[in-house]
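Each remark here refers to the structure printed beneath this line.
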Amino acid sequence: MTFNGVAQIVIFFLIVLALAKPVGIFLSRVFNGHRTFLHPPLRWLEALCYRLGGVDPEQEQRWTQYAISLLAFSAVSFLFVYAIQRLQGFLPLNPQHFGGKQVSPDLAFNTAISFVTNTNWQSYAGETTLSYFVQMAALTVQNFVSAAAGVAMSVALIRGFARRESKTIGNFWADLTRATVYVFLPLSLLGALFLCSQGVIQTLRPNLPVRTVQGATQVIPGGPVASQEAIKMAGTNGGGFFNANSAHPFENPTPLTDYVEMLFIFVIPAGLAYMFGREVGDTRQGWALFAAMSALFLAGAFFCYHFEQRGNPLLARMGIATQATAGQPGGNMEGKEVRFGITDSALFATVTTDASCGAVNSMHDSFTPLGGMVPLVNMLTGEVIFGGVGAGLKGMLLFAILAVFIAGLMVGRTPEYVGKKIEQKEVKLAMVALIAAAASILVFTALSSVLRFPAHGYWNPPGPTAANVANPGPHGFSEILYAYASTTGNNGSAFAGLNTNTPWYNLTLGLAMFIGRFIFLLPLLGIAGSLAAKKRLAVTSGTFPTHGPLFVSLLIGTVILVAALTFFPALSLGPIAEHYLLFSRHAMAAVKP
Amino acid sequence: MNDKAPITASAAPTSGPASHAGPPRRLSLADATILRRAARDAFAKLHPLKMAANPVMFVVEAGAALLTILLIRGWWLGLPGNSFTFQIALWLWFTVLFANFAEAMAEARGKAQADSLRKTKSETLAKKLAGDRTESVPSSSLRAGDVVMCAAGDIIPGDGEVVEGIATVDESVITGESAPVIRESGGDRSAVTGGTKVLSDEIRVRITSNPGETFLDRMIALVEGAQRQKTPNEIALNILIAGLTLIFLLAVATLPPFAAFSVRAAGAGQVPSVVVLSALLVCLIPTTIGGLLSAIGIAGMDRVMQHNVLAMSGKAVEAAGDVNTLLLDKTGTITLGNRQAVEFLPAPGVTEAELADAAQLSSLADETPEGRSIVVLAKERCGLRGRELPGAAHFIPFSAYTRMSGVDMGRRRLRKGATEAVAEFVRQEGGTVPEDAIEVSRGISRSGGTPLVVADGPRLLGTVHLKDIVKGGMKERLAQLRAMGIRSVMITGDNPLTAAAIAQEAGVDDFLAQATPKDKLDYIRQEQAAGRLVAMTGDGTNDAPALAQADVGVAMNSGTMAAKEAGNMVDLDSNPTKLLEVVGIGKQLLMTRGALTTFSIANDVAKYFAIIPAMFAVIYPALRHLNVMRLATPQSAVLSAVIFNALIIIALIPLALRGVHYRPSSAATLLRRNLLIYGVGGLIVPFPGIWIIDVVVRALHWA
């Protein structure tokens, strides 16, 4: 590790820390319907949305109604995105003349679920598959509203904790509208302008063929990139305009844009943690969650950075310098952009998987085994470390409920969290969510490790599903595990190296995204409903304290333990085995110095 | 305390079979009869239908059965590796049996007590009133509403209320207390319990319960655990560990495919066998808490009974742990039941000895505790002792009308009583009342005491200061409660001035003066509305609504049937201070559950480090680095983990039955301590534990 690298990570964290409170206060005001500085310019838009949708924002919903609204909204969005992709050949803004040939039904299904669930897993390369119209009307729109729906669910869960003896948890349509109008719209407008200023392109012109100095022909892609890029980060969507995602110079041209893009990922989740404390009437509760998230984030970032900077021992043995010097970054630079270097690549990988963003500025597949395990583990914990817009807070609250339930008994009282008793119903729903996520990752990975389809058949043309991996051995296993962890966690980042554009993978990855969004999150809405109906208990010195360092460590321990106990066997056959193989004497001997 | 024979077990060990009827005896944890009985029941509980109620142990039993079948098949076909399968299967069966044994131990104590209670429930003949005469009928034919006669020596045939007469009753069957109690018609001491014995006099009793629903029946059912329902918190915990079991089932079931991929990729090793996978699953699922959960609950109820409190449900015991506010009756709970004389304050021109002498004379025949305390104080202060009233003395008892008592000795008329009453007496006798003496009385009232003015005919001699005496150690106990976040509220009929003074002295957080039953009820509702749980004690019929409203209502056994019905606990000793212990037991019960759950889950980390390298080192030899315990062979590693998993259940049975160590302190302190012991401890302990077992296993050549 270098001083420069450590400083970059620490400064990044300090900026997030500084933003949490103001953003939290802003979010809290927006979702309570209070006036903010953005109301004068945007109030008309919010009102227009309500008028067009026939929505009364004051009309409160029970958790079941809230959930049905969410499901209905998602179902309609899904059908819309699916149809537009399949029909892109008949639609405007298609200078490359893409048609149904590029988007098979299973790919369209996968992509539709992917964008509706805020996952943005991409089994395709955008620049060679989708028209500008699909990118703008279908995908970018979903980038806004699927993120807004995610925030809405978090706000509903916060209300569950904050309200007392209430049957309702807010209005989904109002939350959705407010998140879009006051949060994502201004943020992405600002972001897009900034990105343009740094060199991100925004054009509707077709790809530009040019002749290079050597005389070869090169196609320079075009497209409305900046408008999608800002919301891709702020909405923790992560679906790039280009296949190379944020590693592409047209998406992420400079170290500055890189830094800002990472901040965009964390700013809303960090604000939501603060908002939680503010809404339950004790900001320390929010800071406790923030502290647990921060500790896990910093641990992951430094762990990843350490192993990336340490580099590949086999290269060192071959006499290749892997030390960081003033002139070169050293470490493991395979799959990393020179303009970002080791630190920003490791940091970006950690940030994008802590949150359920999934944008990448380097190829995670090329990370060292343990460096690459960091993004994997981040997703296996359920992306609770800040998390995607809202998804992280929800997951962290789920773990808080579990931690409080187990450890809370140890103070000799029925467990309670921020004044709400944690009882049968909450535990049951929390377990449903946890089991759903674990089952999705484990079962799909298991199936894809051993299933054999006929070669050149419909389901998986390569034949055995394990044959789709580029690297056999433990690394190949990591590629499969990563894919299902990423989709179940609604992250969308790819380890790469796994060909997933076959009906089998498109279908199962699509199902994993569905489970990760709905089977995981609906129980949490149920918890919100159940908690909202409860009394708030008085706080005494006999109350389990949920704001101190003790609780923070307990929460961190619970997150790690649950993930470790569920996935340790799988990880031991993937990155851990690979790590020991790489560093074992056997592997060393094979490389002649 | 030692002369009592509580109906349930306690720490003093005895041995030998329980052959005698009558009050049940104490039973120790390691009683031979109990151990035998529990061992027998442990096998009976292997029935799959019974096991299905406990998902965790059911999975273990299923695994054990599967391996047994594999073993038989292996022997039949002469396959290799049978000895390993045999040992794993054996230890899985032990795991189930140990868990069953824990539950049986907890139940056996209750069952033994129920047996001896049942012996007292012999069939008796009742003298039922039919018109003017009585007829003899079997007690089992009595219905609610029947009226029976009970004379000295009769066993009262059923629960009821005394409608006529007064009698002394031996209730040792129920309470274990040998001193007889008085039961009389009307008022708050009218309830009698079936199975108790009338010692003197004769009463008429109206039966209030039908056969099979009597207090004794309920008590038997409760100690036996026959009607034991899982408490809400226990159910929630069960859901959690069942959910974890399912997650581990998924983690283990997906291992063969993962391994198959890796075997193909590495070109070495093999997919783990069913035996190893079963062993891994059993090690991972929370068997420690799963095996001990019900034992903890039963033992918690049992501990309540050791304090001679009968909890009507486990839920009530749990709620006791959650209580935020305790309503404590002043008299008998916070203060000693009676006021005591603490000071003689003579009027101007009177000596203390003169006042003491008159006060003592007027109290010699006064059998009230206040009167006795005056005699004692006079003895202590002025050495007046062993005096007899002259034969001609005529004692005037206290009456609510005169508000005085005293003695007439010839022409000398001594009186003591309320200030105004005695002042009036002095004036009638032709004396004058010094203003100073009245002022002294007022001062005593203000300080929370009761002034008792003494007069000798027309001469007002002075004032005796009677004071409520706060029980020793009460202030400290209330301070402990405060540290645990529990507010104490004193309930008293006294005026606010007196109440405030005592409240301050006892260190309660709040008081309710001149409390009517309705005030109590309102106070409870108000506390509950603010999100607090309330516990209280009560005995009178007018306490019943408040007892029913409170989250924990402890009725005194000496109280009325209505009160006992309304509360969710009955204190057989009728000692209101017991509420504090009950709160402690409730907390200890929840703490024990939490501690063992945490311990159980934390244990898994070490088991992974034992079994994962054992399974996968054949595929990727580099994974031997994960074998941090340096266990000898893959077989010995798996076997050691399974043995550790089984033995830890046995090792923790005493903890489950006795409850974790508990000292009142704040939640933060408790959490820090328990998290360190059971969380961090649970993480570390299995590493040396499994290593030691591995050494032994190797030494014995088991694997």
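The values are calculated or read from the model by the stated rules, or taken from the named source; none is laboratory data. In this text, all values refer to a predicted model and were calculated from it rather than measured experimentally. With ideal geometry, Cβ positions are generated from the backbone for all residues, glycine too; neighbour counts draw on all protein chains shown. For accessibility, only protein heavy atoms count, side chains too; no ligands or nucleic acids. Shrake-Rupley method; radii C 1.70, N 1.55, O 1.52, S 1.80 Å.
So here's what we get for this one:
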| read-out | value |
| --- | --- |
| Equivalent-ellipsoid semi-axes of segment A:3-590, from the Cα gyration tensor, Å, largest first | 36, 29, 24 |
| Built amide H within the under 5 Å cut-off of B:Val163, gap 5+ | B:Arg204, B:Val205, B:Arg206 |
| Exposure rank, largest accessible area first [B:Asp329, A:Asp258; 1.4 Å] | B:Asp329, A:Asp258 |
| Where segment A:3-590 is the region considered: accessible area per residue in Å², 1.4 Å probe | 33 Å² |
| Nearest-10 value in Å² for the accessible area of A:Thr117, using the 1.4 Å probe | 0 Å² |
| Centroid-to-centroid separation of segment A:343-404 and segment B:534-571 [C-alpha atoms, Å] | 55 Å |
| Selection from A:Asn312, A:Ser246, A:Ser541 lying farthest towards where the dipole of chain A points positive, charges on Cβ | A:Ser541 |
| Where trypsin sites (Lys or Arg not before Pro) fall in DSSP loop in segment A:144-179, at most 15 other Cβ within 10 Å | A:Arg164, A:Lys167 |
| Average Cα contact separation per residue, segment A:3-590, under 8 Å, 6 or more apart, as relative contact order % | 18 percent |
| Buried solvent-accessible surface, both chains (B, A), 1.4 Å probe, Å² to nearest 100 | 5300 Å² |
| For segment B:222-299: relative contact order, % (alpha-carbon pairs under 8 angstrom, 6 or more apart) | 39 percent |
| Only Lys, Arg (+1) and Asp, Glu (-1) charged, at Cβ; segment B:60-201 dipole about Cα centre in debye | 700 debye |
| Per residue value of the accessible surface for segment B:273-379 (all protein chains in place, 1.4 Å probe), Å² | 26 Å² |
| Cα Rg, Dmax (largest Cα-Cα span) when computed across chain B, Å | 33.6, 120 |
| Share of pairwise Cα separations in segment A:369-510, more than 21 Å, in percent | 51 percent |
| Accessible area of the protein assembly as shown belonging to carbon and sulfur atoms, whole % at 1.4 Å probe | 62 percent |
| FRET efficiency, B:Arg477 to B:Lys379 (Cβ-Cβ, R0 22 Å, nearest 0.05) | 0.10 |
| Three-way shape label, segment A:10-70, alpha-carbon gyration tensor, a/c 1.5 | oblate |
| Relative contact order (percent, whole number), chain B, Cα cutoff 8 Å, 6+ residue spacing | 14 percent |
| Range in chain B, longest, excluding exposed trypsin sites (Lys or Arg not before Pro) [loop by DSSP; at most 11 other beta-carbon atoms within 10 Å] | B:144-384 |
| Bridge type composition, chain B - antiparallel percent by DSSP, nearest 5 | 75 percent |
| Proximal charge balance of A:Gly300 [Cβ under 14 Å; K/R count +1, D/E count -1] | -3 |
| Cβ-placed point charges (K, R +1; D, E -1), dipole of segment A:3-590 about Cα centre in debye, nearest 20 | 1100 debye |
| Around B:Leu671: net Lys/Arg minus Asp/Glu count, Cβ-Cβ under 14 Å | +4 |
| Selection of chymotrypsin sites (Phe, Trp or Tyr not before Pro), segment A:334-379, meeting DSSP coil and at most 16 other Cβ within 10 Å | none |
| For the protein assembly as shown, alpha-carbon Rg over 2.2 N^0.38 Å | 1.16 |
